[in-house]
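Read the structure below first, then the notes.
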Amino acid sequence: MFHKFFQLFFAIVIISGTVAFANAQSDATNRGGTAEKEDLPKGIKESLAKQRIEREKKDFAELIERGEEAVKIINELDKSFTVNNQFSSEDQKKLDRLEKVVKKIRNEISSADDDGEAEGKPLSILNALKALKSHTLTLVDELKKTSRYSISVIAVESSNALLKAVRFLRFKKN
């Protein structure tokens, strides 16, 4: 019995020692098994930095384009509502698209998902349309004023108010 216990204990010590020895040999790599980024040559680091800058510029240009798309959708909705005095099923699709665009903008300007303090619900569809237009124009103006390195509080608040107005219009019965 004592002999079996000693063999088992000795086997566990040998296995744990081997594992510790193997882990000690892999100090040139991090836990994922890849070499540290500090080992990259200077040319590759510069290339990665240039790619990151180009990606940030592209993302910022897309953000501005989304803002301009939102303005275009708002203008189409405004024209449609003034002609028909109600929203058609196509207008509902445009409202859905507008909500998606504004959510993307809000996510890219690093806004949390909460909507903060509400200004109050619009009492009518016409007031909601006016709010949509004013908040969209404010949002686009703020996006154009900021750089890709900054976050505008006004842009965040405008996007939140814009989302509230869109949701009001989407779920409001005509």
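The values are calculated or read from the model by the stated rules, or taken from the named source; none is laboratory data. Quick caveat, the model's predicted, so the values are computed rather than measured. All Cβ positions, even for glycine, are placed from backbone atoms using ideal geometry, and neighbour counts span all protein chains on display.
Can you tell me which residue within segment 99-135, out of those that are closer than 15 Å to residue 76 by Cβ and more than 16 Å from the chain's Cα centre (by Cα), is modelled with the highest pLDDT?
133
Would you be able to say whether some residue in segment 146-153 is modelled with pLDDT under 80 and of a type in the set (Lys, Arg)?
Of segment 146-153, the ones modelled with pLDDT under 80 are 147-152.
Keeping just the survivors that are of a type in the set (Lys, Arg) gives 148.
Among the residues of segment 146-153, at least one is modelled with pLDDT under 80 and of a type in the set (Lys, Arg), which makes the answer yes.
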